[in-house]
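Beneath this line is the structure, given in C-alpha coordinates, with notes to follow.
The values are calculated or read from the model by the stated rules, or taken from the named source; none is laboratory data. Just so you know, these numbers come straight off a predicted model, no measurement behind them. We place every Cβ from the backbone using ideal geometry, glycine too, and count neighbours over all the protein chains shown. These area figures cover heavy atoms from the full protein model, side chains too; ligands, DNA and RNA do not enter into them. Shrake-Rupley method; radii C 1.70, N 1.55, O 1.52, S 1.80 Å.
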Amino acid sequence: MVGGPAREQAHQQLVALLDRGVYPPGSRLPGERALADELKVSRSTLRLALLQLAEDGRLVPSAQRGWFVPQLVLGEPPSQLVSFTELAAQRGLRATSRVLSRQTRPATFDEAADLQIAAAAPLVEIVRLRGMDGVPITVESAVLPLRRVEWLAEEDLTDRSLYGALEQHDIRVHRSTYTVQAMNAGEWESELLDLPAGAAVLVARDVTFTVDRIPIIITVNRYRGDAYRFTADLFRSAV
(Lines give C-alpha, C1' and ligand atoms only; values in the text may rest on other atoms or scores of the structure.)
Protein backbone atom coordinates (compact mmCIF):
# COMPACT_ATOMS: atom_id res chain seq x y z
CA MET A 1 0.00 0.00 0.00
CA VAL A 2 1.40 3.38 -1.07
CA GLY A 3 2.28 5.37 2.03
CA GLY A 4 1.93 2.35 4.32
CA PRO A 5 0.54 2.40 7.86
CA ALA A 6 1.23 6.13 8.33
CA ARG A 7 -0.94 7.04 5.34
CA GLU A 8 -3.70 4.72 6.54
CA GLN A 9 -3.56 6.23 10.02
CA ALA A 10 -3.78 9.77 8.63
CA HIS A 11 -6.66 8.71 6.39
CA GLN A 12 -8.60 7.21 9.31
CA GLN A 13 -8.00 10.29 11.45
CA LEU A 14 -9.31 12.56 8.71
CA VAL A 15 -12.36 10.35 8.13
CA ALA A 16 -13.13 10.52 11.86
CA LEU A 17 -12.87 14.33 11.83
CA LEU A 18 -15.20 14.55 8.84
CA ASP A 19 -17.69 12.09 10.30
CA ARG A 20 -17.83 14.04 13.57
CA GLY A 21 -18.51 17.27 11.68
CA VAL A 22 -15.32 18.98 12.83
CA TYR A 23 -15.06 20.17 9.23
CA PRO A 24 -18.68 20.57 8.04
CA PRO A 25 -19.84 20.67 4.39
CA GLY A 26 -18.53 23.76 2.62
CA SER A 27 -15.68 24.37 5.06
CA ARG A 28 -11.97 24.56 4.27
CA LEU A 29 -9.44 22.36 6.01
CA PRO A 30 -6.45 23.93 7.77
CA GLY A 31 -3.29 24.37 5.70
CA GLU A 32 -1.33 21.22 5.01
CA ARG A 33 1.52 22.18 7.32
CA ALA A 34 -0.82 22.82 10.25
CA LEU A 35 -2.89 19.73 9.50
CA ALA A 36 0.21 17.52 9.25
CA ASP A 37 1.39 18.82 12.62
CA GLU A 38 -2.05 18.15 14.12
CA LEU A 39 -2.10 14.56 12.85
CA LYS A 40 1.61 14.05 13.61
CA VAL A 41 2.50 12.88 10.10
CA SER A 42 4.72 14.22 7.35
CA ARG A 43 3.25 16.49 4.69
CA SER A 44 3.92 13.88 2.01
CA THR A 45 2.01 11.26 4.00
CA LEU A 46 -0.81 13.73 4.63
CA ARG A 47 -1.01 14.53 0.92
CA LEU A 48 -1.51 10.83 0.09
CA ALA A 49 -4.35 10.61 2.62
CA LEU A 50 -5.95 13.79 1.25
CA LEU A 51 -5.74 12.47 -2.31
CA GLN A 52 -7.46 9.26 -1.23
CA LEU A 53 -10.27 11.24 0.37
CA ALA A 54 -10.62 13.26 -2.84
CA GLU A 55 -10.97 10.02 -4.81
CA ASP A 56 -13.65 8.93 -2.36
CA GLY A 57 -15.54 12.20 -2.86
CA ARG A 58 -15.02 13.34 0.73
CA LEU A 59 -12.76 16.29 -0.16
CA VAL A 60 -12.29 18.67 -3.07
CA PRO A 61 -8.84 20.19 -3.83
CA SER A 62 -8.31 23.78 -4.95
CA ALA A 63 -4.92 24.64 -6.40
CA GLN A 64 -4.98 28.13 -4.93
CA ARG A 65 -7.05 27.75 -1.76
CA GLY A 66 -6.38 24.31 -0.28
CA TRP A 67 -8.76 21.46 0.57
CA PHE A 68 -12.53 21.77 0.99
CA VAL A 69 -15.35 19.59 2.26
CA PRO A 70 -17.93 19.48 -0.56
CA GLN A 71 -21.31 21.01 0.06
CA LEU A 72 -24.15 18.66 0.84
CA VAL A 73 -26.24 18.56 -2.35
CA LEU A 74 -29.82 17.39 -1.97
CA GLY A 75 -31.35 15.75 -5.02
CA GLU A 76 -34.69 14.02 -5.21
CA PRO A 77 -34.91 10.65 -6.96
CA PRO A 78 -36.48 11.03 -10.43
CA SER A 79 -40.24 10.47 -10.48
CA GLN A 80 -40.41 9.57 -6.79
CA LEU A 81 -42.32 11.45 -4.10
CA VAL A 82 -40.29 11.23 -0.90
CA SER A 83 -40.21 13.37 2.20
CA PHE A 84 -37.27 15.49 3.32
CA THR A 85 -36.82 13.12 6.26
CA GLU A 86 -36.71 10.12 3.93
CA LEU A 87 -34.15 11.83 1.68
CA ALA A 88 -31.89 12.43 4.67
CA ALA A 89 -32.24 8.83 5.85
CA GLN A 90 -31.32 7.53 2.38
CA ARG A 91 -28.02 9.40 2.75
CA GLY A 92 -27.39 8.23 6.30
CA LEU A 93 -28.06 11.74 7.64
CA ARG A 94 -30.31 13.13 10.35
CA ALA A 95 -33.06 15.47 9.24
CA THR A 96 -33.85 18.42 11.49
CA SER A 97 -36.85 20.75 11.49
CA ARG A 98 -37.26 23.90 13.57
CA VAL A 99 -40.70 25.48 13.58
CA LEU A 100 -40.37 29.20 12.86
CA SER A 101 -44.06 30.09 12.82
CA ARG A 102 -47.53 28.56 12.78
CA GLN A 103 -50.77 30.34 12.05
CA THR A 104 -54.35 29.89 10.86
CA ARG A 105 -55.30 32.28 8.06
CA PRO A 106 -57.67 32.60 5.09
CA ALA A 107 -56.68 30.98 1.80
CA THR A 108 -55.75 33.21 -1.11
CA PHE A 109 -57.58 32.78 -4.41
CA ASP A 110 -54.66 30.81 -5.89
CA GLU A 111 -54.35 28.59 -2.81
CA ALA A 112 -58.08 27.95 -2.78
CA ALA A 113 -58.02 26.93 -6.44
CA ASP A 114 -55.07 24.57 -5.94
CA LEU A 115 -56.57 22.99 -2.82
CA GLN A 116 -60.11 22.87 -4.24
CA ILE A 117 -61.61 24.77 -1.33
CA ALA A 118 -63.61 27.98 -1.03
CA ALA A 119 -61.76 31.28 -1.27
CA ALA A 120 -60.86 32.59 2.20
CA ALA A 121 -61.42 29.15 3.76
CA PRO A 122 -59.15 28.69 6.81
CA LEU A 123 -55.69 27.22 6.30
CA VAL A 124 -52.98 26.05 8.67
CA GLU A 125 -49.62 27.52 7.62
CA ILE A 126 -46.41 26.13 9.14
CA VAL A 127 -42.98 27.58 8.36
CA ARG A 128 -39.92 25.52 9.27
CA LEU A 129 -36.15 25.67 8.86
CA ARG A 130 -35.03 22.25 7.67
CA GLY A 131 -31.52 20.84 7.68
CA MET A 132 -29.41 17.72 7.51
CA ASP A 133 -26.77 16.95 10.14
CA GLY A 134 -26.83 20.56 11.30
CA VAL A 135 -26.49 22.09 7.82
CA PRO A 136 -29.44 24.40 6.95
CA ILE A 137 -30.90 23.32 3.60
CA THR A 138 -34.29 24.95 3.10
CA VAL A 139 -36.92 27.26 4.53
CA GLU A 140 -40.19 25.40 4.08
CA SER A 141 -43.70 26.84 4.13
CA ALA A 142 -46.60 24.35 4.11
CA VAL A 143 -50.30 25.22 4.00
CA LEU A 144 -53.15 22.74 4.50
CA PRO A 145 -56.95 23.12 4.68
CA LEU A 146 -57.84 23.44 8.35
CA ARG A 147 -61.06 21.39 8.05
CA ARG A 148 -59.04 18.37 6.87
CA VAL A 149 -56.26 18.62 9.48
CA GLU A 150 -57.65 20.40 12.53
CA TRP A 151 -55.28 18.40 14.74
CA LEU A 152 -52.29 19.96 12.94
CA ALA A 153 -52.91 23.35 14.51
CA GLU A 154 -51.42 21.93 17.73
CA GLU A 155 -49.14 19.16 16.41
CA ASP A 156 -45.42 19.51 17.23
CA LEU A 157 -43.46 19.12 13.98
CA THR A 158 -40.02 19.77 15.45
CA ASP A 159 -37.62 17.28 13.81
CA ARG A 160 -40.59 15.40 12.33
CA SER A 161 -41.84 14.54 8.87
CA LEU A 162 -45.10 16.19 7.83
CA TYR A 163 -45.87 13.23 5.57
CA GLY A 164 -45.27 10.94 8.53
CA ALA A 165 -47.59 12.98 10.75
CA LEU A 166 -50.32 12.82 8.09
CA GLU A 167 -49.95 9.05 7.77
CA GLN A 168 -50.37 8.68 11.53
CA HIS A 169 -53.79 10.28 11.01
CA ASP A 170 -54.63 7.97 8.09
CA ILE A 171 -53.88 10.56 5.38
CA ARG A 172 -51.56 9.06 2.77
CA VAL A 173 -49.97 11.19 0.07
CA HIS A 174 -49.64 9.80 -3.42
CA ARG A 175 -48.35 12.36 -5.94
CA SER A 176 -47.52 16.02 -6.40
CA THR A 177 -47.22 18.64 -9.11
CA TYR A 178 -43.84 20.38 -8.88
CA THR A 179 -42.34 23.61 -10.20
CA VAL A 180 -38.86 25.06 -9.57
CA GLN A 181 -37.44 28.50 -10.30
CA ALA A 182 -34.25 30.34 -9.38
CA MET A 183 -34.45 33.48 -7.26
CA ASN A 184 -32.24 35.61 -5.05
CA ALA A 185 -32.47 35.14 -1.30
CA GLY A 186 -33.91 37.97 0.74
CA GLU A 187 -32.40 39.12 4.01
CA TRP A 188 -34.57 36.72 6.02
CA GLU A 189 -33.71 33.62 3.98
CA SER A 190 -30.04 34.59 3.81
CA GLU A 191 -29.78 34.75 7.58
CA LEU A 192 -31.60 31.45 8.14
CA LEU A 193 -29.69 29.56 5.45
CA ASP A 194 -26.31 31.11 6.30
CA LEU A 195 -25.97 32.70 2.85
CA PRO A 196 -24.65 36.05 1.61
CA ALA A 197 -27.40 38.57 0.92
CA GLY A 198 -28.77 38.09 -2.57
CA ALA A 199 -27.31 34.59 -2.97
CA ALA A 200 -29.09 32.16 -5.29
CA VAL A 201 -31.89 30.01 -3.95
CA LEU A 202 -34.09 27.51 -5.74
CA VAL A 203 -37.76 27.98 -4.96
CA ALA A 204 -39.74 24.76 -5.34
CA ARG A 205 -43.54 24.81 -5.12
CA ASP A 206 -45.58 21.64 -5.10
CA VAL A 207 -49.20 20.70 -4.60
CA THR A 208 -49.46 17.26 -3.01
CA PHE A 209 -52.45 14.93 -3.44
CA THR A 210 -53.71 12.06 -1.31
CA VAL A 211 -54.34 8.56 -2.62
CA ASP A 212 -57.97 9.71 -3.04
CA ARG A 213 -56.77 12.44 -5.47
CA ILE A 214 -57.60 15.20 -2.99
CA PRO A 215 -55.11 18.10 -2.83
CA ILE A 216 -53.90 18.31 0.76
CA ILE A 217 -50.70 20.42 0.92
CA ILE A 218 -49.14 23.35 -0.87
CA THR A 219 -45.45 23.44 -0.01
CA VAL A 220 -42.95 26.14 -0.93
CA ASN A 221 -39.29 25.37 -0.25
CA ARG A 222 -36.50 27.91 -0.57
CA TYR A 223 -33.42 25.73 -1.00
CA ARG A 224 -29.82 26.89 -0.82
CA GLY A 225 -28.68 27.11 -4.44
CA ASP A 226 -25.49 25.20 -3.61
CA ALA A 227 -27.32 22.42 -1.76
CA TYR A 228 -30.12 21.34 -4.06
CA ARG A 229 -30.24 19.63 -7.44
CA PHE A 230 -33.46 18.78 -9.25
CA THR A 231 -33.51 15.66 -11.43
CA ALA A 232 -36.30 14.61 -13.78
CA ASP A 233 -36.97 11.86 -16.30
CA LEU A 234 -37.73 13.30 -19.73
CA PHE A 235 -39.28 11.33 -22.60
CA ARG A 236 -39.55 12.29 -26.25
CA SER A 237 -42.98 11.67 -27.70
CA ALA A 238 -43.29 9.50 -30.77
CA VAL A 239 -43.36 11.49 -34.00
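In the chain, a dipole from Cβ-located charges (positive for Lys and Arg, negative for Asp and Glu) runs towards its positive end, and of Ile216, Trp188, Val149 it is Trp188 whose Cα lies farthest in that direction.
Take every pair of alpha-carbon atoms less than 8 Å apart whose residues are at least six positions apart; their mean separation over the length of the chain yields a relative contact order of 17 percent. In this calculation the C-beta distance from Arg105 to Gln9 is compared with R0 = 41 Å, giving a FRET efficiency of 0.10. For Ala121, the amide hydrogen comes within under 5 Å of the amide hydrogens of Ala107, counting only partners 5 or more places away or on other chains and with H modelled in the peptide plane. Computed from backbone phi with θ = phi - 60° and the Karplus coefficients 6.51, -1.76 and 1.60, the 3J(HN,Hα) list for segment 126-143 is 10, 10, 9, 9, 10, x, 10, 6, x, 9, x, 10, 8, 9, 10, 10, 10, 10 Hz; x is used for glycine and proline.
Over segment 81-239, the hull volume per residue, using the convex hull of the C-alpha atoms, is 145 Å³. Taking label points 7 Å from Cα along the Cα-to-Cβ direction, Ala121 and Arg213 give a separation of 1.7 nm.
Stokes-Einstein diffusion for segment 138-210, with the hydrodynamic radius set to the Kirkwood value over Cα pairs and evaluated at 4 °C in a medium of 1.567 mPa s, equals 90 µm²/s. Around the Cα centre of the chain, unit charges on the Cβ atoms of Lys, Arg, Asp and Glu (plus for the first two, minus for the last two) sum to a dipole of about 640 debye. Annotation for segment 149-194: trypsin sites (Lys or Arg not before Pro) lying in DSSP loop with at most 12 further Cβ atoms inside 10 Å of their Cβ are Arg172.
With contributions of -39500 (n - 2.57) from each DSSP H run of at least four residues, the per-residue ellipticity at 222 nm computed over the chain stands at -7500 deg cm²/dmol. Carbon-plus-sulfur accessible fraction, the chain (probe radius 1.4 Å, protein heavy atoms only): 51%.
Using C-alpha pairs under 8 Å with a sequence gap of at least 6, the mean separation divided by the residue count of segment 57-175 gives a relative contact order of 22 percent. So if R0 is 22 Å, what FRET efficiency would Ala197 and Phe68 give, r being the distance between their Cβ atoms, rounded to the nearest 0.05? So, using R0 = 22 Å, E works out to roughly 0.45.
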